[in-house]
Amino acid sequence: MSSRLPFGDGLRAELGAPGRSRTLDSSPRSRVWRVELPGTTAVVKQIVGGPDADERYAREVAALRLATRAEPPVVPTLLGTDPGERVLVLEHLDHRRPAWDWIVDHAAALARLHATARPEDAEVLPRWQGPTQADVTSFLRLADALEVPVAPGVSGELDDLVNRLGRAPGQAALLHGDPCPGNDLHTASGVRFIDFEQASLGSGLMELAYLRIGFPTCWCVTSASEPLLERAESAYREEWRSATGSEIRDGLTDACAGWLLRGDALVERARRDGTDHLARMPGRDWTWGTATARQRLVHRLGVVGR
């Protein structure tokens, strides 16, 4: 693919002519540059690849605009856009090495991000999609393949879980879609989130659950101590209360169980193509990032069990 900086006449008229630029690491689904502009340094991101590129671009722009409501800020400033080229120009932020208890600040910023959505934003982004009956069927087949006894009521309980997640409270929250290490910048002024290509509207509990379930959509699995998890979850609830004036309802166990059911959360996004990944596990294991699929599943089973 070409590495030409996509900075057209419209952006030049709005932001000035770009100076030096440097390509930055990114996923195969985007191209990213650090660019010198008159009076500032910016990041240029172009969404590429796949039939859903236009949708991913639209989600990112919409989410960034909604998230500007947060105070203090939780996203970089969106300086300009070029929809025809699927380009965003963003404020450049200096990332610092996170502290050992980084998930506390991460959780607090995540609550502020979630709280930026309003009921009137219902048509701005798609609804969050949880596990389905197909995930339940696949999970029960895995239990059968492993010769794990399944009590008569389990299938019905899992069906009820899927239904509860579909109507989970707090459905107006702005969800990042992939709030993982690497998509959070720890700056001198606080945590800022980037990469909103999978943003949606739903219950914030689905992303608060990331802290316990091990960041299920990310290459990097982390497991924090119980005291640290409690601090982070308390920080989330306090920030949510401060931003919305309301309390987070119970449902974190359901959210963790929902991630346990999802075989797609055992592979990177490019391989989430409808394959039944739970069905593959009895015959083989595979590595994604810092853990294997079986290690991820065992961790999630332990979390839900506790």
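Brief remarks on what is shown
- Among (1) among the basic types (Lys, Arg); (2) free of Cβ contacts under 8 Å to residues at least 40 places away in the same chain; (3) loosely packed, with under 15 Cβ neighbours inside 10 Å; (4) within 22 Å of Gly130 (Cβ to Cβ) - the single one Arg249 does not satisfy: (2)
- Here His95 meets the list (1) of a type outside the set (Gly, Ala, Ser); (2) within 30 Å of Arg271 (Cα to Cα); (3) modelled with pLDDT of 95 or more almost entirely, failing just condition (3).
- Test: residue in region 159-177 that is among the acidic types (Asp, Glu) and touching a residue at least 40 places away in the same chain (Cβ under 8 Å): no
- Qualifying residue in region 171-182 (condition: open to solvent by 10 Å² or more (accessible area, probe 1.4 Å), touching a strand residue (DSSP E or B) at 6+ places or on another chain (Cβ under 8 Å) and modelled with pLDDT under 95): yes
- Among the residues making up region 20-45, those that are open to solvent by 80 Å² or more (accessible area, probe 1.4 Å), of a type outside the set (Asp, Glu) and assigned to a loop (DSSP other than H, G, I, E, B) are Arg20, Pro28, Pro38, Gly39.
- Region 1-41, subset of a type in the set (Asp, Glu) and in contact with a strand residue (DSSP E or B) (Cβ under 9 Å, 6 or more places away or on another chain), residue farthest from Leu90 (Cα to Cα): Asp25
- Residue check, Gly263 in contact with an Asp or Glu (Cβ under 7 Å, 6 or more places away or on another chain), open to solvent by less than 30 Å² (accessible area, probe 1.4 Å) and small (Gly, Ala, Ser): yes
- Test: residue in region 74-84 that is more than 22 Å from the chain's Cα centre (by Cα) and among the aliphatic types (A, V, I, L, M): yes
- Some residue of region 50-71 being open to solvent by less than 40 Å² (accessible area, probe 1.4 Å), among the charged types (D, E, K, R) and in a strand (DSSP E or B): no
- Residue check, Ala53 out of contact with any strand residue (DSSP E or B) (no Cβ under 6 Å at 6 or more places or on another chain), outside the structural domain of Arg269 (by the TED database) and at negative phi: no
The values are calculated or read from the model by the stated rules, or taken from the named source; none is laboratory data. Quick caveat: nothing in here was measured; it's all calculated off a predicted structure. A quick note on method: Cβ atoms are made from the backbone with ideal geometry, for glycine too, and the neighbour counts reach across all protein chains shown. Please note that ligands, DNA and RNA were not included when accessible areas were found on the heavy atoms of the full protein model with its side chains. Shrake-Rupley method; radii C 1.70, N 1.55, O 1.52, S 1.80 Å.
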